[in-house]
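The values are calculated or read from the model by the stated rules, or taken from the named source; none is laboratory data. All values derive from a computational prediction rather than experimental measurement. So basically every Cβ, Gly included, is an ideal-geometry build from the backbone, and we count neighbours across all protein chains shown. Surface areas here come from the heavy atoms of the whole protein model, side chains and all, with no ligands, DNA or RNA. Shrake-Rupley method; radii C 1.70, N 1.55, O 1.52, S 1.80 Å.
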Amino acid sequence: MSLSAALLAAGPSPSPSPSDTPTAPAVPTLQDAQESATNAAGWVEQNWSTWLAIGLRVLLILVIAAVLRVVVRRAITKLIDRMNRTVQAVDGTALGGLLVNVERRRQRSQAIGSVLRSVASFTIVSTAALMILGTFEINLAPLLASAGVAGVAIGFGARNLVTDFLSGVFMILEDQYGVGDSIDAGVACGEVIEVGLRVTKLRGENGAIWYVRNGEVKRVGNLSQGWSTANVDVTVRPDEDLDKVKRTIGEVAETMSKEEPWNELLWGPIEVLGLDSVLLDSMVIRVSAKTMPGKSLTVERELRWRIKRAFDAANIPIVGGPPVPVDGDSDADPTAGMAAPSAYSNTASPQAQAATPLVPPSTTK
């Protein structure tokens, strides 16, 4: 069969269908644009009331939070100012001398005000944020649950940090100590150079700086508030004239109370309290005085110095000095306290020979 006969038998080739040919993209018409605009306008018309209500709620929450924050901060500021005015009114009076100075109380009130304002602002802003999220119909249950779990985990992991922070806040609120005070914190003693919410810095007597965590401070002994007491123990012989000793100490106390700067450091008269103890070879007389806070050691050293000089001038001997020789006593024999020599010290004595071990006999082969 020829090629032409095969083509004729196959018949005419099918023409391509319209679906097989690529079509050009449809050009949007004005009618389509009008339909889209109509649909958008209808959707906005259906939801505009909801949007407006949500927007008004958010705006109302923000306005209330802002107003409440301003009111609370102003109330805290007025409270701090009232505290400062009370301190200024007390300063300069007899009661003011027993309290802390105005500058320290001003710094303390400012620190308390700063902490209170920060806590109030954080609480108000956090509450407003949660209310806004609730307005947008966001489910807050997973967020609050996650925050609760995170808070518990942080509380267990950083419990020491939380304890230190809370202890520092209460130390500042209660004014247990401040910068410049000499305190005994149990774990360390020294002068306070910085008070923080977590750590308190102390400078010890040898110049070392101690960093004490506020949570570790179980007790605080403040030596710089109120007044201090200077106590001096005077030790004399048991046969000394007590009236003479008391009169000598009284003269020292009267002279010291009138001289500068001791008249400012002494907040009360120097008193002879009496006999503190009576022993066979001595008796102790207690002398005490009320002093400015933190100046008791200075007053004690000066008082001991003056009493020693006054005793020397009044010919009052000091207990513990060299013994006074008594007339008529013969010189003691220097060998009276020596023991007799032992018989074993002489190797030729019968006792030493009897104690000599026997020499074993030599063995011969």
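On the accessible surface of segment 123-253, probed at 1.4 Å, how many percent belong to carbon and sulfur atoms?
Working: 4670 of 7820 Å².
Summing carbon and sulfur atoms, their accessible area is 60 percent of the total for segment 123-253.
With θ set to phi - 60°, apply the Karplus curve 6.51 cos²θ - 1.76 cosθ + 1.60 along segment 189-198 and write out the HN-Hα couplings as whole Hz, x wherever there is a Gly or Pro.
For segment 189-198, the Karplus-derived couplings read 10, x, 8, 6, 10, 6, 10, x, 6, 10 Hz, x marking Gly and Pro.
Based on the alpha-carbon gyration tensor of segment 121-179 and its eigenvalue square roots a ≥ b ≥ c, which shape applies: rounded if a/c is under 1.5, prolate if not and a/b is larger than b/c, or oblate?
Because a/c hits 1.5 or more and a/b fails to exceed b/c, segment 121-179 counts as oblate.
Test of the criteria: in segment 209-268, which trypsin sites (Lys or Arg not before Pro) are in a DSSP loop and have at most 13 other Cβ atoms within 10 angstrom of their Cβ?
K218, R219
Can you list the GluC sites (Glu not before Pro) in segment 149-224 that are in a DSSP coil and have 10 or fewer other beta carbons within 10 angstrom?
Answer by residue number: E205.
What does the accessible area of F165 come to, in Å² to the nearest 10, when a probe of 1.4 Å is used?
Answer for F165: close to 100 Å² accessible.
Calculate the spin-label point distance for T229 paired with T135, positioning each point 7 Å from the Cα along the beta-carbon direction, and give it in nanometres.
6.5 nm
Under a 1.4 Å probe, what is the accessible area of segment 163-321 per residue, stated in Å²?
On the way: 9110 Å² over 159 residues.
Per residue, segment 163-321 has an accessible area of 57 Å².
With each pseudo-label sitting 7 Å past Cα toward Cβ, what's the L273-R304 distance in nm, one decimal?
Result for the modelled spin labels: 1.7 nm.
Using a 1.4 angstrom probe with every protein chain in place, what is the largest-first accessible-area order of S146, S257? Kindly include the intermediate steps, with their values, before the conclusion.
Values: S146 75, S257 45 Å².
Highest to lowest solvent-accessible surface, that is S146, S257.
Using θ = phi - 60° and the Karplus curve 6.51 cos²θ - 1.76 cosθ + 1.60, what whole-Hz ³J(HN,Hα) does each residue of segment 302-314 get, with Gly and Pro shown as x?
5, 5, 4, 4, 5, 5, 4, 5, 5, 5, 5, 5, 8
Quick query: amide H of G226 versus all other amide H atoms, modeled in the peptide plane; which residues come in under 5 Å with a sequence gap of 5 or more or a different chain?
Counting only residues 5 or more places away or on other chains, the set is empty.
Zone of N315 (label point 7 Å along Cα→Cβ, backbone N under 15 Å): which residues in segment 217-246?
Once the point is set 7 Å along Cα→Cβ of N315, 240-241, 244-245 turn out to lie under 15 Å by backbone N, inside segment 217-246.
Could you check the simple spin-label distance between E216 and A153, using points 7 Å along Cα→Cβ, in nm with one decimal?
In this crude spin-label approximation the distance works out to 2.9 nm.
Shape verdict for segment 214-264, please, from the Cα gyration tensor: rounded (a/c under 1.5), prolate (a/b greater than b/c) or oblate.
It is oblate, given that a/c is not under 1.5 and a/b is not larger than b/c.
List, in order, the whole-Hz ³J(HN,Hα) value for each residue of segment 175-181 obtained from phi through the Karplus relation with A = 6.51, B = -1.76, C = 1.60 and θ = phi - 60°; use x for Gly and Pro.
6, 5, 7, x, 4, x, 7
Summing +1 for each Lys or Arg and -1 for each Asp or Glu, what net charge is found among the other residues whose Cβ lies under 12 Å from the Cβ of S288? Write down the numbers at each step before the final one.
Numbers: positive: R286, K290; negative: D233, E271, D276, E300.
Residues near S288 contribute -2 overall.
Accessible surface of M131 in the full protein assembly, 1.4 angstrom probe, to the nearest 10 Å²?
Roughly 100 Å² of M131 is accessible to a 1.4 Å probe.
Can you give the accessible area of W48, probe radius 1.4 Å, in Å² rounded to 10?
140 Å²
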